[in-house]
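Working notes, structure below.
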Amino acid sequence: MLIRFTLSLAIGAALFAADRAGSRDHPLLTRYAGAEIIGYFEKTYEAYTLPLGRITVVSAPFGYAKSESVEGKLTRITYLVPKGRTATEVYRNYTLALAKLNAQKLFEGMDEGPLGMMGVRYDVLFSQVGQILEYSYAGQRFYAGRFTTPTAKVTLALYVIEYNDGLQPEGIVVAKGQVVVQLDIIESAIMDTGQVTAAEISTGLAKDGHIALYGILFDTNKAELKAESAAAVEQIAGVLKANATVKLYVVGHTDNVGAHEYNLELSRKRAESVVRELTAKHGIAADRLVPAGVGAYAPVASNGAEAGRTKNRRVELVQR
């Protein structure tokens, strides 16, 4: 098989003269050779539903056998591949490139039936050429994966199809059987503040009577602890084991996005998840911990911008 995909960005700009105005390749993963960008969208911060299974509800809002919520900078690029290529060949080139990035495959699907982007375009945004992907199952390949850079956790969704029809959305000529690629990349910043130590927790409690933790993580609108929270919870347990007299309120906080009562309930459930983890996995006596949720009542920054909302989404330990 001839591998035409390249990770180099040194290709001359003239080659991509047909690209949609204002579009560009993502610096982490560029195009299949000869492809042109027919759809492009970039948003500084977005909540995104990552499909980890086939679509089970095929009308908006779409449902999946399994999915995951992620947040971060979203880049969506739709490519039209030169005629004569197959979805299998194009998909193979992308997966080889992702292997070089040490990407972890979270889900892979192919063949008949609804997959991938048909639902994502409604969950997040409308692609300028989204209709190309809808109902077009021929040769389809879908990949969801993740890799890390020194500054970000990168989540990726890739959808490759051979277009069923020969329509011309927005004046873009797409021949029957021509390969179309949709690539969604979500970059989530790695927060150093999550690496709190037992000593820092003890100092914060002694000095201020409370400490905010940002290494305890949850998916959007979910109360279950993410696996990345284990290190922070272990440090809390270390403090409690080192001093048997310490008792804590574990308080969940949210930003102000969404209904007030919903956020109160969500913040309480998140605090309860932390308490369960400490008692069930670390053997901390339940009477030493009281979970509580205050929703958006006690912000530490303005909710008017995402940077502030990120600071407001936290779990705090308060000395009793």
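Bear in mind these aren't lab numbers, they're just calculated from the coordinates by the rules spelled out. Computed from a predicted model, the values in this text were never measured in an experiment. Methodologically, a virtual Cβ is constructed for each residue, glycine included, from the backbone with ideal geometry; neighbour enumeration extends over all protein chains shown.
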For THR220 and LYS153 in one chain, what is 0.36 nm times their gap in residues minus the Cα-Cα distance, to one decimal in nm? 22.5 nm
From the phi of every residue in the range 198-215, what ³J(HN,Hα) in whole Hz does the Karplus formula 6.51 cos²θ - 1.76 cosθ + 1.60 yield, where θ is phi - 60° and glycine or proline is x? 4, 5, 5, 5, 4, 5, x, 5, 5, 7, 10, x, 6, 8, 8, 10, 10, x
Along the Cα→Cβ direction, 7 angstrom out, place labels at ASP287 and ALA138. What is the inter-label distance in nm? 7.1
Multiply the residue gap between GLU306 and TYR249 by 0.36 nm, knock off their C-alpha separation, and tell me the result in nm, one decimal place. 17.8 nm
Packing rank of 235-245, 175-185, where each peptide gets the mean count of other beta carbons within 10 Å, highest leading: 175-185, 235-245
Whole-percent pair-distance distribution, where bins are 5 Å wide, for the alpha carbons of the range 175-320: 2, 9, 18, 22, 19, 12, 6, 3, 2, 2, 2, 1, 1, 0, 0
Counting only Cα, what are the radius of gyration and maximum Cα-Cα distance Dmax of the range 211-276, in Å? 12.7, 40
log10 I(q)/I(0), Debye, Cα-only the range 195-243, no solvent, q = 0.17 Å⁻¹? -0.52
